[in-house]
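Encoded as C-alpha cells, the structure appears first; notes follow it.
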Amino acid sequence: MLATMVVRSLLNNARISAWTLVTLATCAALVTLFATAAFEVGRKMSAALRQVGANAVAYPTTTAQADWTAFTNIATVQGAAVAQLSVRVGMVKGNPVAVVAAEPEMLRRLTPYWAVTGRRAETTRECVLGRRVAAVLDLKPGRLVSVEWPDQSQSSEFTVAGVVETGDEDDDRIFVAGSLERVEFRYALLSVPGGEEQIGQFAQALAAANANVELKPLRQILSGEQHVLKKVNLLCLVSLWTVLVLTALGVSASMLARVVERRKEFALLQALGAKRRSVVGFLLAESATLGLVAAVLGFGVGTALAALVSQQIFHAAITPHGVAGLASLAATTLVALLSGGIACVRALRFQPAPALRGE
C-alpha cells in the first residue's frame, strides 16, 4: 500500500521528481567515480611505475655468501621483475673500471629511463659505456674497447654498442650482455608490485629465509608515488564533500518546492486525522525511493566514467567495485533522507485550515 502511494505521488509530481532524481543520480555517479579512483589509482599507478623501471635494489648484507637462489625464488613468489648484475673490476687504458654483466632483456625492462646514444648491448661481444667512462676513455659507438683483468693475462674485447647517461654511478661503469667468468660482487635491480609495503614484505621474506640479501627501496620513485597518491586521494575527498554539499542544497530546494506545491494535500491528510509521524514517514519514503533509484543509475554511470578515465590515463580497464557501489548508495540515500527531513519540518508547519484555504 505504502509503495503504491509513494510511486503514484512521485509520478504525479513528475517534474520535480525527475529533477531530484537527476541531481541525486549525478551525485551517485560522482561518488562512484571518486571512490573507484581512490581504489584504482594506487594499483594502476603501481603497474604504470613498473614500466618506468626498478623501485628497489638488492645486495649482500655481509661478506658472507648470499643465497641468490632463495632470493630469486622469493622474487618469483612476490611477482617481482629482477635483473641480477655481476660486477668485476677491470683495467681499460690503465684506468680501473667496474664491468657489469646482466641479462640484456631484463636490464632493458628495469632501466627504461636510461638515455642511450646508439643502442644497448645485445650479444656477449658488445658493451655499453657509461657517459663519464666514455668521455675519459674517448670511446664512441662502433669502436673496440679492451678490458684487462688483473688476475688474467688474457684480455676481453668488446664492441661499443652505445653510450648511456643515467645520472648516477652507472655513468662510471661498462655494461656487457651475458655473464662474467669471475664475479667479485653481485647485486640486483627489482620492480616490486604494490609499492613500499610489498617491498617491506619482500624484505621480511628474505630475512626469514636467511638469504643474506638486503633490500633497499629506491626512495625517489616510491616517495613520488606516495606523494601523487596522497594528492589524488585529497582531491577526491575534497571533490566528494563539495558534491555532497551542493547536491544536498539542490535536493533540499527540490524537496521544499515539492512540499509547497502539495501543502493542501498534507493539510488534508492532517485534517482527516493522519498523524504527523505518518506524514513524515511518507515523505521520507519518497526521499529514500529516489535515493535508491538514483544510486543504481549513478553507480552505472559512475563506473562507466571511471572506466573511461582509466582507459584515457592508464590505458587499462577496470572492474566495478562493490565498495564504490555501497558508498554511492550510502551517500545518495543519506543526502535524500537529510533533504527529506528538512522538507518534513516545513510540511509540519502547515496549519490545515489556512492551507486548505490557499493561504
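Quick note: the coordinates plus some simple rules give every number you see, no bench work behind them. All figures in this text were calculated on a predicted structure; none of them were measured in a lab. Ideal geometry is used to build each Cβ from the backbone, glycine not excepted, and the neighbour counts take in all protein chains shown.
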Pairs of Cα atoms under 8 Å, at least six residues apart: use those to get the relative contact order of segment 52-218, whole percent.
-> 40
If amide H atoms are built 1.01 Å from N in the plane of the peptide, which residues on other chains or at least 5 residues away come under 5 Å of the amide H of residue 126?
-> 159, 177
When 148, 169 are ordered from fewest to most other Cβ atoms inside 10 Å of their Cβ, what list results?
-> 169, 148
Debye calc, one equal point scatterer per Cα of segment 62-122, no solvent, log10 I(q)/I(0) at q = 0.17, 0.23, 0.27 1/Å comes to -0.82, -1.11, -1.18
What ranking of 71, 185, 39 emerges when the number of other C-beta atoms within 10 Å of each C-beta is taken as an exposure proxy, fewest first?
-> 185, 39, 71
Please arrange 232, 251 by counting, for each residue, the other beta carbons lying within 10 Å of its beta carbon, fewest first.
-> 232, 251
Å³ per residue of the Cα convex hull, for segment 52-218?
-> 108
Just tell me which aspartates and glutamates come within less than 14 Å, Cα to Cα, of residue 216; anything on the same chain fewer than 8 places away is out.
-> 196, 197
Residues with amide H under 5 Å of residue 81's amide H, sequence separation 5 or more or different chain, H placed in the peptide plane at 1.01 Å from N; which?
-> 191
Given the candidates 55, 136, 211, the one whose Cα lies deepest towards the positive end of the charge dipole of segment 52-218, counting +1 at each Lys or Arg C-beta and -1 at each Asp or Glu C-beta, is 136
If R0 = 25 Å, then residue 59 and residue 95, at their Cβ-Cβ distance, give a FRET efficiency to the nearest 0.05 of 0.55
